[in-house]
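This report concerns only the one structure given below.
The values are calculated or read from the model by the stated rules, or taken from the named source; none is laboratory data. Since this is a predicted model, take the numbers as computed values, not measurements. All Cβ positions, even for glycine, are placed from backbone atoms using ideal geometry, and neighbour counts span all protein chains on display.
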Amino acid sequence: MSLPKTLSAGPNAGDHPVSISELIELTNDLRTSAADKISGIQRVTGSLRMLALNAMIESARAGAHGRGFSVVAAEVREIAANVGLISEQLQKELTAQIAHTQSMADAAMGTRMVDLALNAIEIIDRNLYERTCDVRWWATDSAVVDCAASVTPQSAAYASKRLSVILNAYTVYLDLWLCDLHGKVIANGRPDRYAVAGLDVSHEPWFVQASRLASGDEYAIGDISTAPGLKSAQVATYAASVRAGGESHGAPLGVLAIHFDWAPQAETIVRGVRIEPEEKARTAVLLVDAHRRIIASSEGTSSLDQHFQIETGNQTHGFYTRPDGTVVAFHATPGYETYRGLGWHGVIVRRPG
């Protein structure tokens, strides 16, 4: 069960609920205040003991005349001892109770951060599941199939026109490429922007995977990368085989690749995770791939050359605290429908205040 974002402070707390981060801060304040007050009591106790000791010394000097005063000094010493004992007991009890409250608050915060990490990875999973559907559907388009079956200037122009229509309706893509079985781009949806006709992509992992697919029901995925043919933009590429007659088990004719405009879409997702306002300045939302590359960050677009090592302990999700006080929460991709995910993690990093 997910913990709520805020905890009620009770009927007398006013209209403002206490957030988990505020509870942690209040606990820290209570620890500091309790330590200060107990230290003050101990100072007073020390003064009483010194006063009692001085009184005993003076009463001894006074002899018989100081006997009554010695009784008072003994009482003061006993009171000081009792106050000291109460102070020690109070310190132990408060320390234990505050530590327990702190542990509960930290656990609540950690659990919420795990929920946020899951939220981030779930949103991207659902988004990318749609991309796997798009590429398999568009690979059956008659213009795409006809061009792959017989490449002519006319069929390539018509396929490009058809791909352009699709791009106008789906603004999350940079371009769509139709490739022959040898890995040469024969048509694309934005030839005026990306002159990629004739480009050899036979070495690209997504093409190699797609050329080996058993049917049109399957798809291939490339890791997030920069695409030279797309002006080095960051893309998530999905590919499917184009088959005779648009049939799932028809003879392979080529490969259709769709290039998802990764950076702005991913940044929108990580920046959209609901971090409490007072936490945003010290909290980062990341998407980390299977190689531990940072592929998206709420603190700026990733250059794909930065890494973040997660101490998962072979768990799908969890949180831990680093020696410097930084809290890291993570959740592995759960996948969505037929999209199994690529071993990515949603990660929330909360630096100490």
Exercise. Considering only the range 309-336, state which residues are over 20 Å from D223 (Cα atoms) and part of a loop (DSSP other than H, G, I, E, B).
Key: E311, T312, G313, N314, Q315, T316, R322, P323, D324, G325, T326
Exercise. Answer yes or no as to whether R131 is closer than 30 Å to A195 by Cβ, part of a helix (DSSP H, G or I) and not assigned by TED's automatic domain parsing to the domain that holds D192.
Key: yes
Quiz item: Going by the structure shown, is G341 touching a residue at least 12 places away in the same chain (Cβ under 8 Å), at positive phi and either assigned to a loop (DSSP other than H, G, I, E, B) or in contact with a Lys or Arg (Cβ under 6 Å, 6 or more places away or on another chain) (or both)?
Solution: yes
Quiz item: Given the conditions (1) of a type in the set (V, I, T); (2) in contact with a helix residue (DSSP H, G or I) (Cβ under 8 Å, 6 or more places away or on another chain); (3) part of a helix (DSSP H, G or I), and given that I186 satisfies all but one, which numbered condition is not satisfied?
Solution: (3)
Exercise. Determine, yes or no, whether D146 is among the charged types (D, E, K, R) and more than 40 Å from the chain's Cα centre (by Cα).
Key: yes
Practice problem: Assess whether R282 counts as being assigned by TED's automatic domain parsing to the domain that holds T326, in contact with a Phe, Trp or Tyr (Cβ under 9 Å, 6 or more places away or on another chain) and basic (K, R). | Solution: no
Quiz item: Within the bounds of the range 113-120, is there any residue that is surrounded by fewer than 21 Cβ atoms within 10 Å (Cβ to Cβ), touching a residue at least 24 places away in the same chain (Cβ under 8 Å), in contact with an Asp or Glu (Cβ under 7 Å, 6 or more places away or on another chain) and more than 30 Å from D36 (Cα to Cα)?
Solution: no
Quiz item: Scanning for something modelled with pLDDT of 95 or more, among the aromatic types (F, W, Y) and surrounded by fewer than 18 Cβ atoms within 10 Å (Cβ to Cβ), does the range 166-184 turn up at least one residue?
Solution: no
Quiz item: Can you tell which of G325, G341 is within 30 Å of D134 (Cβ to Cβ) and at pLDDT below 95?
Solution: G341
